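Heads up: the structure comes next, in structure tokens.
The values are calculated or read from the model by the stated rules, or taken from the named source; none is laboratory data. Bear in mind the structure is a predicted one, so any value in this text is a computation, not a measurement. Heads up, the Cβs are rebuilt from the backbone with ideal geometry, glycines too, and the neighbour counts pull from every protein chain shown. These accessible areas exclude ligands, DNA and RNA; they are computed on the full protein's heavy atoms, side chains included. Shrake-Rupley method; radii C 1.70, N 1.55, O 1.52, S 1.80 Å.
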Amino acid sequence: MSDLARAGFGLMLRLELAESLRSRWFHFYSVVLVGLMLLLILTGVSESRVLGFTGLSRLLVTYIQIAMAVLPLFIIVATARSMVGDREAGNLEYMLAFPISLGTWFWGRFLARLILILLPVLVALAIAAVFGVMKGHEIPWRHVGLYSGLTAALATCFLGLGFFLSAISRSTEVALGASLMIWLLLVALLDLLLLSVLIRAQFVPEFVIGIALANPLQSFRTASMILFDPQLILLGPASYVILDNFGATGYVLWALSYPTALGLGFAALGFWWFRKSDLV
């Protein structure tokens, strides 16, 4: 990358960070994720014991499972309307008048959004660590690091999907409708809903578990469980298929790499579509 390209990328990154920091979606999103951690601390979740989990481990398990439902919805809804919203408002033509390439503009926005999405989660995890030190709990630093990585992978996945939807949609309503439908479909594919119907219909177990593995939400959920339940007792018989084919470490690596690759692939596809389409 040339010096001019690096300067343009840095400028785009700072511009998008400044713009997003002033937006209401980021403030509301930050209050929800940080406030959720504070609420769990105040309700004494760390003092309870469920299936052997207590202390900071119990707090992190509860937070990450709730964040799994909140985080993707915020990301995909806020992102899906970004570029198409700029096009409708007439801002896109103004932004593209700057002497920077389309790639610099697109990927600068992508990286800035990813930083802002991860920032409140990291703040919430830092609050949990400080709380653990104050209460004298043992802090599972390895789990905190892996949770941060899993959250980054999930955020990359839905951010890339949001950018793709925003690039191909011709109106904000279409982008929002498509993003909500995709989120609902992925939630429905969690093992408690549609997967139970597939099992009752006597599909091959490997086929059903393959659908679950292809769902980034389910991959995140299972990987977050495997950190504290290496035998996946909570999943029942499905754990044998996962552990026999992946192992505990292999599955965590899958949950880190697959959503990241999926999100970057969708983002690249969205950039290709954006570049070849009528920009304004």
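Below, the figures for the structure above:
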{"item": "Residue among Ala128, Ala175, Ala167 that alone is buried (at least 20 other Cβ atoms within 10 Å of the Cβ), of a type in the set (A, V, I, L, M) and within 18 Å of Ile64 (Cβ to Cβ)", "result": "Ala128"}
{"item": "Filter result for Ala153 (at pLDDT 80 or above and buried (at least 19 other Cβ atoms within 10 Å of the Cβ))", "result": "yes"}
{"item": "Residue selected from the stretch 66-102 under the condition at pLDDT 80 or above and of a type outside the set (A, V, I, L, M, F, W, C), by the criterion farthest from the chain's Cα centre (by Cα)", "result": "Thr79"}
{"item": "Test: residue in the stretch 134-146 that is hydrophobic (A, V, I, L, M, F, W, C), open to solvent by less than 10 Å² (accessible area, probe 1.4 Å) and at pLDDT below 85", "result": "no"}
